Amino acid sequence: MQKNSSASLSAGNFLSSSSVDVNAGVIIKNNYFDGLPVSRNHMRLFALIILAYFFEQLDNNNFAFVAPALIRSWGITMEDIAHITSLYFVGMTLGGLLGGVISDFIGRRKTFLASIVVFSVASIVNGLANDLTTFAISRAITGFGIFCMMVVSIAYISEMTPAESRGKWQNMTAGIGFLAMPLIGVIARIIVPISQDSWRWIFYLGGLGLIGFFLGLKYLKESPRWLVAKGRVAEAEQVVFELSGRQVDLSEAAKKVQPSENMKEVLVGMFSGSYIKRTAVLLVSFICLNVPGFVFMAWTPTLLQQKGFSLEQSLFASSLIILGAPIGCFLSSFVSDKGGRKIPIGVMALCWAGLALVYANLGNTLWLIIAVGMLMNAFNLGASFTLFSYVAESYPTKMRNTATGFHNAMGRLSVAGSQLMVPVIYAKFGFAGIFTTIAMLLTVASFAVLVFGDRTGGKSLEEVA
């Protein structure tokens, strides 16, 4: 930030900022974090989110590596795997819907911490399960907790970062936290083949997510935007001061907020005339990006086995392919805030679609499958997390998490349904048919956001909303 600047602290701020020298200790009026540097205390919050993401991804991706072992040791079928995965995404759907609504009423902090407890404990229960029913139910509860945490963190990062770099920090925190994705592949490759029941230890590791809960009790701050929406202006000002070291006066900003304690208004506001176009574009984008992404990630080890590779080869390939996820998040953090947010999403989705067509027609050269798969996963996560910033920016504080949860939940619900179709498509059209379908869906997502999407990147949340 420039010293002695007489310019607005944020070019897109919905209220005019005072001409201040922040380094002289002058109170900044009507500004949250826009135009201010990201502080060390901000970094502490990001570290907590990264830790939560890390264990969330351990739990989110472990079943893909455990599934082939369950087929071998429990004698279950591909259809059983499909039903377990489908129930998991039903749990995620409910977690997204309820987590978003709850956090709009009781706060981001409480919901975030509670969700960590849910998915960590459920992961331990997965490891203890001795029958398919218990395993499937606890897997669904894991999905519920994971997605509660995910939808809260999406809005939380958007509300706690400057307008100029929201997308960067959304993708950067994911990129570091998602290093768990290749790590779980390496761990699974070592542990799963040891014995018939060694897969249980993969789920026990997920219980270590409770570390994030205990650290969060001490260090996690409530969103000042949520506090202002609830009329707790002094608390909001204190949070901004603790994170940025700058005194702020949010009294005028609070007058512009239209708080709502009416649940109906929060739930249906995204379908009102002001937001219906955004909601439609985002809904199409979430469905057409989520289905390809999760079919690819959840089914890769099993599909490679069906293609003729051994269990060890499938796990080896999957552990390298999944490395594309954190790489994609890291690289997309440099472009996420460009092009009004919509252009990076559309372009990455198109690149992903093209690679899916290539992947559909690859032979059985393992290293070629790994290389193209890594690139696909990079564009997958890059587009997905840029879309997360996009949805959180598109709605006002009073319904931000509800809307974020709704769109993510609908995306996960579509994934739940699509899981049941994977064995059907595979039986009729084979490996190529699955990835051709993926390419078609991604093309629809790209078209929707590029043609009909609004530009949101780089603007204050209040101006966009």
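Just the residues that are without any contact (Cβ under 8 Å) to a residue 60 or more places away in the chain and within 19 Å of the chain's Cα centre (by Cα), please, taken from region 112-142. Those that are without any contact (Cβ under 8 Å) to a residue 60 or more places away in the chain and within 19 Å of the chain's Cα centre (by Cα): Ala114, Ser115, Val118, Ala140, Ile141. For region 38-90, the candidate set comprises residues that are open to solvent by 20 Å² or more (accessible area, probe 1.4 Å) and among the hydroxyl-bearing types (Ser, Thr, Tyr); within that set, the residue that is farthest from Val422 (Cα to Cα) is Ser39. Checking region 329-350 against the condition returns a match, with at least one residue being outside any helix (DSSP H, G or I), β-branched (Val, Ile, Thr), open to solvent by 10 Å² or more (accessible area, probe 1.4 Å) and touching a helix residue (DSSP H, G or I) at 6+ places or on another chain (Cβ under 6 Å). The C-beta contact set for region 204-223 (first residue modelled with pLDDT of 90 or more, second residue open to solvent by 10 Å² or more (accessible area, probe 1.4 Å) and not in a helix (DSSP H, G or I), distance under 8 angstrom, 6+ apart or interchain) is empty.
Restricted to region 425-465, and to residues that are over 23 Å from Tyr359 (Cβ atoms) and among the basic types (Lys, Arg), which residue is surrounded by the most Cβ atoms within 10 Å (Cβ to Cβ)? Result: Lys459. For the subset of region 137-147 comprising residues that are open to solvent by 10 Å² or more (accessible area, probe 1.4 Å) and of a type outside the set (Phe, Trp, Tyr), which member is farthest from Glu56 (Cα to Cα)? Filtering first and then ranking leaves Ile137.
Picking from residues in region 94-110 that are surrounded by fewer than 24 Cβ atoms within 10 Å (Cβ to Cβ) and not aliphatic (A, V, I, L, M), the one that is nearest to the chain's Cα centre (by Cα) is Arg109. Just one of the numbered conditions (1) closer than 30 Å to Gln313 by Cβ; (2) of a type outside the set (Phe, Trp, Tyr); (3) assigned to a helix (DSSP H, G or I) is not true of Ile76: (3).
The values are calculated or read from the model by the stated rules, or taken from the named source; none is laboratory data. What you see is a predicted model; the values in this text were computed from it and never measured. For neighbour counting, all protein chains shown are included, and Cβ atoms are generated from backbone atoms with ideal geometry for every residue, glycine included. With ligands, DNA and RNA removed, areas are computed over all heavy atoms of the protein, side chains included. Shrake-Rupley method; radii C 1.70, N 1.55, O 1.52, S 1.80 Å.
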